[in-house]
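The values are calculated or read from the model by the stated rules, or taken from the named source; none is laboratory data. What you see is a predicted model; the values in this text were computed from it and never measured. Because the Cβ atoms are built from the backbone with ideal geometry, glycine has one as well, and the counts that use them run over all protein chains shown. Ligands, DNA and RNA are excluded from the accessible area calculation, which covers all protein heavy atoms including side chains. Shrake-Rupley method; radii C 1.70, N 1.55, O 1.52, S 1.80 Å.
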Amino acid sequence: MSTDEIPLLELRNVSKTFRSAAGETIHAVRAVSLAVRRGETVALVGESGSGKSTLGRIALGLIRPDAGEVLLDGRSFASLSSRAFREARQAMQPVFQDATASLNPRRTVRELMAQALRRHGGSVDVHAAAILDSVGLRPGSQYLDRLPHELSGGQRQRLAIARALAVEPALIVADEPLSGADVSIRGQVLNLLLDLQEARSIAYVMITHDISIARAFADRAAVMLRGEIVESGTVDEVLVEPKHEYTRRLLAAVPELDRRAW
């Protein structure tokens, strides 16, 4: 297999179970396989509790699967030393649903960005301001001394994206990054992610319960139900002409998001 054919990220038959407080075994992910190529967007779609977020955390190496393996650039996480694993994980960064909760309220934007930029030489302020500019926080230098609570919701989400970009990742796993955002912020963030993908060839795993967002944003989609992928393929195959009854029910339950309106 040539380098171009090796997926950036590949999950092979990964499974994960948890034990509830009552002692019940919960099968969060069941023998799921998924591949993500460079520069593409794959949407994980399903209702709450379907296993999407657990799968995303397995992909990021934040949770170890009970079975199966995760490969990045063809290298299995299980084969890496602790140091090599930490280095490899720099290529993947998360953007979580609640940007406010993911940002230390006591740290300024400069301090938050400096944590991500610690491996770069030169001025942190110069690097941080440039990245802030790239996500639409302009001029970036004017945001460096602000605290998260001094930013709007849309600005905090842009800051979360900027912090993820600071390590120059090849892949971003975005877990419901638009949940609770109003229409204008949703459009701004989606357009920003698309622009960054075009400029930097970043791949995305977009975790969402909203099929309309997946249909407007993704190249391929995988629909999850009770820890399993029940349907996958191109967006047109899955989200325009679905074959599975569960996918059809999801489609019937969500409003249309017109990409042209962004």
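Table: residues versus (1) in contact with a Pro (Cβ under 8 Å, 6 or more places away or on another chain); (2) assigned to a loop (DSSP other than H, G, I, E, B).
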{"residue": "Gly23", "(1), (2)": "no, yes"}
{"residue": "Val29", "(1), (2)": "yes, no"}
{"residue": "Phe85", "(1), (2)": "no, no"}
{"residue": "Gln97", "(1), (2)": "yes, yes"}
(1) in a helix (DSSP H, G or I); (2) open to solvent by 10 Å² or more (accessible area, probe 1.4 Å); (3) farther than 21 Å from Ser152 by Cβ: which one isn't true of Glu168, the others all being true? (1)
Given (1) assigned to a loop (DSSP other than H, G, I, E, B); (2) touching a strand residue (DSSP E or B) at 6+ places or on another chain (Cβ under 6 Å), Gln93 misses just (1)
Filtered residue count, segment 123-147, keeping only those that are among the hydroxyl-bearing types (Ser, Thr, Tyr) and more than 15 Å from Leu112 (Cα to Cα): 1
Which residues, taken from segment 38-50, are outside any strand (DSSP E or B), over 22 Å from Ala67 (Cα atoms) and out of contact with any helix residue (DSSP H, G or I) (no Cβ under 9 Å at 6 or more places or on another chain)? Ser48
Within segment 55-108, restricting to residues that are closer than 30 Å to Ile185 by Cα and of a type in the set (D, E, K, R), the one that is surrounded by the most Cβ atoms within 10 Å (Cβ to Cβ) is Arg57
Of the residues in segment 1-12, those that are outside any loop (DSSP other than H, G, I, E, B) and surrounded by fewer than 16 Cβ atoms within 10 Å (Cβ to Cβ) number 3
Mind listing just one residue for me: the one in segment 13-51 that is touching a Ser or Thr at 6+ places or on another chain (Cβ under 8 Å) and among the β-branched types (Val, Ile, Thr) and, of those, surrounded by the most Cβ atoms within 10 Å (Cβ to Cβ)? Val45
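Give me the residue from segment 109-129 that is part of a helix (DSSP H, G or I), of a type in the set (A, V, I, L, M, F, W, C) and under 22 Å from the mean Cα position of the chain (by Cα) and, out of that set, surrounded by the fewest Cβ atoms within 10 Å (Cβ to Cβ).
For segment 109-129, the residue satisfying everything is Ala114.
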Return yes or no: is Pro105 in contact (Cβ under 8 Å) with a residue 40 or more places away in the chain and part of a strand (DSSP E or B)? no
Pairs where the first residue, in segment 157-172, is touching a residue at least 40 places away in the same chain (Cβ under 8 Å) and within 15 Å of Met206 (Cβ to Cβ) and the second is in a strand (DSSP E or B) and open to solvent by 10 Å² or more (accessible area, probe 1.4 Å), C-beta under 8 Å, 6+ apart: Ala164/Gln93; Ala164/Pro94; Pro169/Gln93; Leu171/Gln93; Ile172/Gln93; Ile172/Pro94
